[in-house]
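Peer 1: Mind looking over this structure? Questions follow.
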Amino acid sequence: MSVAVQDRTFDVLIVGAGVAGLYALHRMRTLGLRAKVLEAGAGIGGTWYWNRYPGARCDIESLDYSYSFSEAIQQEWEWSERYAAQPDILRYIKHVASTLDLHRDIVLNTRVEKLEYDASARQWTLTTAKERMVARFVIMATGCLSIPLDVAIPGIESFEGKVYRTSNWPHGPVDFHDLRVGLIGTGSSGVQVAPILARDASHLTVFQRTPNYSIPSHNRTLEAEFIKQWKADYSARRKAARQTRNFTNNDAGTAPGCDQTFEQREHEFERRWRETGGIGFMYAFPDMTTDATVNEHASDFVRRKIREIVKDQEVANLLCPRDYGIGGKRICVDTGYFEIFNRANVKLVDLKTDPIVRVTATGIMTQTREFALDALVLALGFDAMTGALLRVDIRGREGISLRERWKEGPRTYLGIAVAGFPNLFIVTGPGSPSVFANMVTSVEQHVDWIADCMSRMRERGDTCIEATVKAEADWFAHVAEVGARTMLAKAANSWYVGANVPGKPRVVMPYMGGAPQYEEICNRVAAENYEGFIRA
Ligand code: NA7
């Protein structure tokens, strides 16, 4: 059946209604621009709409992981826990959207299929299954972890039990009582869902390919007095967070670990493990991922903790990451993960020594045995950072395709723009600090930069802005050089470098130079009349 295509014209089209797309819509409106958001999901919230598995939680503290642009919103919203759970974050996002009356400009259930730039008209045409729209500008607010990895597990279609994916969890309740559950994947999602499965299922088998470093979250209910004090000083705290490496109030140590004795470092690791926990562990010393001795000490510290927690030392050893240092893959933040392996109803299977051969109608067959299962939970990760951008067929000047341009890996200028793709902005794209900073604050920084850029273009009467090939090449050389100083470049199979996706070019995608330094560079580029861009 052919679908009627209507032509509709806007100033800005925004792809994605997550934290980034919603703020972009708000800012475009404040500029008086006509904007529309296209969202593939049936609801707003992006990551927090899809990843609704039990135990899903942000690894940045709630009082930091929230918009700072509205004093009214940050004062009226009440976070209940130190680390907000997915339902709370989604409620918050919906609250912001209704406070700002955003819904009327959001089209749900609509996946953008194609974007084509018309150089003579200086505008983009956006195509969905039903419609075609045109706009001067496009903002890609598609997120860093939005396209689940399509892992081919042989025989999965023959499994007679239910299969759940953490990245697309059912909306209604899921009951695991009396079920034998198999979990494949032990990244953040697997580590978060596992304790709930261990608690509810009659038996849980965790199929682990690569062990992860995980730090206890020490999550807690936030007391009214604590929140009151925080809010009394909210803007100062936001300002302070904006000065830190990852845009959070994370108590970052400033003295290099390499200048300290073993005992001093050990004391600091112990304090952070016991008292504060979470991602802050990685901020004990500024050289945690750059100095080999400090990194090995921190890695060994976590391994010793795992061996203290897990009673069966054979299991504990399997849970200890050994072939990469801490931070080489994104660390996990857990609530009782390692502890589940002391339960009688939990079994760990090491896929490195006993790989999965196939899924059968009744379970999983590994090389050495068969596990009878009633349900499967897959937490297999994402085609991170570039996946959502490349899912759309984006054609820039002269029909050049972004997929073609990025065949050898992504190249951007500041993570925001791509040469050959005028008037197309990416929020927290590859080459920006992105997943290495508080995403909400990074989103605000990017969208404000983009909005200022549009506003200055309007003042000058410009209708087109495009990154130069040189600026893009220089920027990515810098991203690579900074990345090479960290453990990231050496990491075995991290999604940070695209190594979890078969065939994906191995490139350090996040900018590792620190969020404030990055923000300063962006501001300098703007102050110097958008150096590295051509405007016309
Ligand atoms: P991750 O961190 O990419 O974890 C995916 C997990 O799935 C990881 O343990 C993988 O093992 C495992 N995996 C992937 N493919 C397979 C196959 N074929 N067989 C067995 N195991 C497999 O994704 P998450 O969703 O947990 O977290 C992503 C981010 O979201 C997280 O870092 C936070 O920022 C939020 P591998 O390590 O590849 O051996």
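The values are calculated or read from the model by the stated rules, or taken from the named source; none is laboratory data. Note that this is a predicted model, so its numbers are computed, not measured. So basically every Cβ, Gly included, is an ideal-geometry build from the backbone, and we count neighbours across all protein chains shown. To get the accessible areas, we keep the full protein, side chains included, count just its heavy atoms, and leave off ligands, DNA and RNA. Shrake-Rupley method; radii C 1.70, N 1.55, O 1.52, S 1.80 Å.
Peer 1: Do any GluC sites (Glu not before Pro) in segment 12-87 lie in a DSSP loop with no more than 16 other beta carbon atoms within 10 Å, and if so, which? Could you put the intermediate results ahead of the total?
Peer 2: Working: sites: GLU39, GLU61, GLU71, GLU76, GLU78, GLU81; in loops: GLU39, GLU61, GLU78.
Here the GluC sites (Glu not before Pro) that fit, given the DSSP loop and packing criteria, are GLU78.
Peer 1: May I pose another question? Non-local amide H neighbours of TYR413 (under 5 Å, H modeled in plane, Pro and chain starts lacking H): which ones?
Peer 2: Result for TYR413 returns VAL418, ALA419.
Peer 1: Among PHE281, CYS258, HIS297, pick out the residue whose Cα is farthest towards the positive end of the charge dipole of segment 244-312, where Lys and Arg carry +1 and Asp and Glu carry -1 on C-beta, about the Cα centre.
Peer 2: PHE281
Peer 1: Given a 1.4 Å probe and every protein chain left where it sits, what share in percent of the accessible area of the chain is carbon and sulfur? Intermediate values should be presented prior to the final figure.
Peer 2: Numbers: 11090 of 22040 Å².
The nonpolar share, carbon plus sulfur, comes to 50 percent.
Peer 1: Sticking with this structure for a sec: Averaged per residue, what accessible surface does the chain expose to a 1.4 Å probe, in Å²? Kindly include the intermediate steps, with their values, before the conclusion.
Peer 2: Values: 22040 Å² over 536 residues.
Result: 41 Å² per residue.
Peer 1: Please report how far the C-alpha centroid of segment 71-123 lies from that of segment 453-500, rounded to the nearest whole angstrom.
Peer 2: Cα centroid of segment 71-123 versus Cα centroid of segment 453-500: 25 Å apart.
Peer 1: Can I ask one more? Roughly how many Å² of ASP350 are accessible to a 1.4 Å probe, to the nearest 10?
Peer 2: My reading of the accessible area for ASP350 is about 20 Å².
Peer 1: Next question, about the same structure. Please compute the net charge surrounding MET454, taking Lys and Arg as +1 and Asp and Glu as -1 over other residues with Cβ under 15 Å from its Cβ.
Peer 2: Details: positive: ARG27, ARG29, ARG34, ARG122, ARG136, ARG456, ARG458, ARG460, ARG535; negative: ASP11, ASP448, ASP452, GLU459, ASP462, GLU466.
My count for the surroundings of MET454 gives +3.
Peer 1: In whole angstrom, note down how far apart the Cα centers of segment 163-225 and segment 238-278 are.
Peer 2: 28 Å
Peer 1: If you take every residue apart from GLY409 with its C-beta less than 9 Å away from the C-beta of GLY409, what net charge results, scoring Lys and Arg +1 and Asp and Glu -1? If you can, show how the numbers build up before the last one.
Peer 2: On the way: positive: LYS407, ARG411, LYS504, ARG506; negative: GLU408.
Net charge around GLY409: +3.
Peer 1: Taking 8 Å as the Cα distance limit and 6 or more residues as the minimum spacing, I'd like the relative contact order of the chain as a percentage. Intermediate results must be reported in sequence, preceding the final value.
Peer 2: Values: 1074 pairs, mean separation 103.5, N = 536.
Once normalised by length, the contact order is 19 percent.
Peer 1: Separate question: Looking at GLY396, ALA384, VAL427, which one has the Cα that reaches farthest to the positive end of the dipole of the chain (charges on Cβ: Lys, Arg +1; Asp, Glu -1)?
Peer 2: GLY396
Peer 1: Please give me, ordered by residue number, the GluC sites (Glu not before Pro) of segment 200-293 that lie in loop per DSSP and have at most 14 other Cβ atoms within 10 Å. Could you put the intermediate results ahead of the total?
Peer 2: Details: sites: GLU223, GLU225, GLU263, GLU266, GLU268, GLU270, GLU275; in loops: GLU223.
Qualifying residues, ordered by number: GLU223.
Peer 1: So, by mean Cβ neighbours within 10 angstrom, what's the order for 416-423, 92-99 with the highest one leading?
Peer 2: For the peptides 416-423, 92-99, the packing ranking is 416-423, 92-99.
Peer 1: Sort 433-439, 318-324, 194-200 by the packing proxy (mean of other Cβ within 10 Å over each peptide's residues), most packed first.
Peer 2: Working: 433-439: 24.9, 318-324: 17.0, 194-200: 21.1.
Ranking, from highest mean packing down: 433-439, 194-200, 318-324.
Peer 1: Still on this model: Normalised by the number of residues in segment 80-230, what is the relative contact order in percent for Cα pairs under 8 Å and 6+ residues apart?
Peer 2: Working: 118 pairs, mean separation 30.2, N = 151.
Relative contact order, segment 80-230: 20 percent.
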